[in-house]
């Protein structure tokens with residue numbers, strides 16, 4: 001009798017263990033599936049946010065952006081609404097408001113090669129428009145895209161070239 005009871009307990013423990021493993025496995029698969037399907041899913045592997053072209057690594061420094069600006073090696077895209085763009089923007093930047101991406105994309109990007117280096121920016125430390133614009137561009141096949149976080153404020157504080165469409169005068173230092 002004692003032997004049968006021990007054997008039953010052993011079988012019960014094994015059954016509970018296998019069921020627990022199965023539940024955990026199924027939960028992980030469901031969680032990964034939902035994360036994959038979400039537009040703003042979390043990356044599974046952490047990346048260095050200062051380089052690379054993954055959603056976490058899109059950031060470019062002001063010094064790098066400045067160098068690319070003066071060497072005419074990048075296209076600057078202002079992700080802010082047109083009203084803000086018209087008040088002032090980085091000299092030569094095009095306006096592609098993230099909120100109007102689908103309607104404005106064909107016109108703004110019609111002559112831009114997919115290999116072109118693109119720097120998106122908006123204004124404010126917590127502004128996500130430039131990051132969202134960069135990701136939308138990547139979805140369209142532009143893979144050389146970077147984000148200048150708090151770009152407009154940083155650019156102005158550094159006294160770099162700016163312009164306003166209504167004035168068409170460029171201000172800022174040459175280098």
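Condition check ((1) surrounded by fewer than 21 Cβ atoms within 10 Å (Cβ to Cβ); (2) in contact with a helix residue (DSSP H, G or I) (Cβ under 6 Å, 6 or more places away or on another chain); (3) modelled with pLDDT under 95; (4) closer than 20 Å to residue 150 by Cβ) across all residues:
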| residue | (1), (2), (3), (4) |
| --- | --- |
| 78 | no, yes, no, yes |
| 81 | yes, no, no, yes |
| 87 | yes, no, yes, yes |
| 90 | no, yes, no, yes |
| 95 | yes, yes, no, yes |
| 101 | yes, yes, no, no |
| 104 | yes, no, no, no |
| 109 | yes, no, no, no |
| 116 | yes, no, no, no |
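Selection of first residues in the stretch 134-148 that are touching a residue at least 12 places away in the same chain (Cβ under 8 Å) and not assigned by TED's automatic domain parsing to the domain that holds residue 116 and of second residues that are in a helix (DSSP H, G or I) and surrounded by 24 or more Cβ atoms within 10 Å (Cβ to Cβ), restricted to Cβ pairs under 6 Å at least 6 apart or on distinct chains, gives an empty result. Across the stretch 87-120, which residue is nearest to the chain's Cα centre (by Cα) among those that are outside any loop (DSSP other than H, G, I, E, B) and touching a residue at least 40 places away in the same chain (Cβ under 8 Å)? Looking at the filtered set, the residue picked out is 120. Among the residues of the stretch 136-154, the one identified as surrounded by 19 or more Cβ atoms within 10 Å (Cβ to Cβ), under 11 Å from the mean Cα position of the chain (by Cα) and assigned to a helix (DSSP H, G or I) is 137.
Could you go through the stretch 55-75 and let me know if any residue there is at pLDDT 70 or above and at positive phi. Explain how you work it out, then say what you get.
From the stretch 55-75, those at pLDDT 70 or above are 57-75; that's our starting set.
Still in the running and at positive phi: 72.
Scanning the stretch 55-75, I find at least one residue that is at pLDDT 70 or above and at positive phi, so the answer is yes.
The values are calculated or read from the model by the stated rules, or taken from the named source; none is laboratory data. These numbers were taken from a predicted model, which means no experiment stands behind them. Virtual Cβ from ideal backbone geometry, glycine too; neighbours counted across all protein chains shown.
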